[in-house]
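The values are calculated or read from the model by the stated rules, or taken from the named source; none is laboratory data. Given the structure is predicted, the values throughout are model-derived calculations rather than measurements. Here Cβ is always computed from backbone atoms with ideal geometry, including for glycine, and neighbour counts include all displayed protein chains.
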Amino acid sequence: MSSPGIDRPLFGAAQFARFVGESAKVTLKLPQDGRRRLQGGILRVEGDTVVFALDGAEFAVPVANIDKARLVPDWVALGLAPAQDKSGRDLRPGKQKKAAGKAGKAHPTNMAATSGSSDAE
């Protein structure tokens, strides 16, 4: 038997409650407020109703009206997608420092290797 993966399907209120704070992609059985599909953060579960953060507002959906639901992986948090600010700098923790550190370390190492080969001749 395999694991459900990082984009695991969600069934029932208990599973939604377990993943409060995560983002989910949901397809509804019947349209609600003109929507059949939605993607938003799981805010809380109230009985048999899941409340999502959707477009800056709360959107409550009865569990009975949810046809399909899957977690949406946070690729940046998993380190599988670049996190960049407007100038294109990498925002992942420690990445900026390591890149600067590697550049600083690479130069003296290359100089030492160059000077070492000059001494050898």
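Numbers below:
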item	result
Qualifying residue in region 30-48 (condition: within 16 Å of residue 13 (Cβ to Cβ), in a helix (DSSP H, G or I) and at pLDDT 95 or above)	no
Hits in region 46-67 - residues which are touching a residue at least 24 places away in the same chain (Cβ under 8 Å) and among the charged types (D, E, K, R)	48, 67
Hits in region 67-88 - residues which are assigned to a loop (DSSP other than H, G, I, E, B), of a type in the set (D, E, K, R) and at pLDDT 70 or above	74
Selection count, region 55-70, where residues are over 14 Å from residue 33 (Cβ atoms) and surrounded by fewer than 11 Cβ atoms within 10 Å (Cβ to Cβ)	2
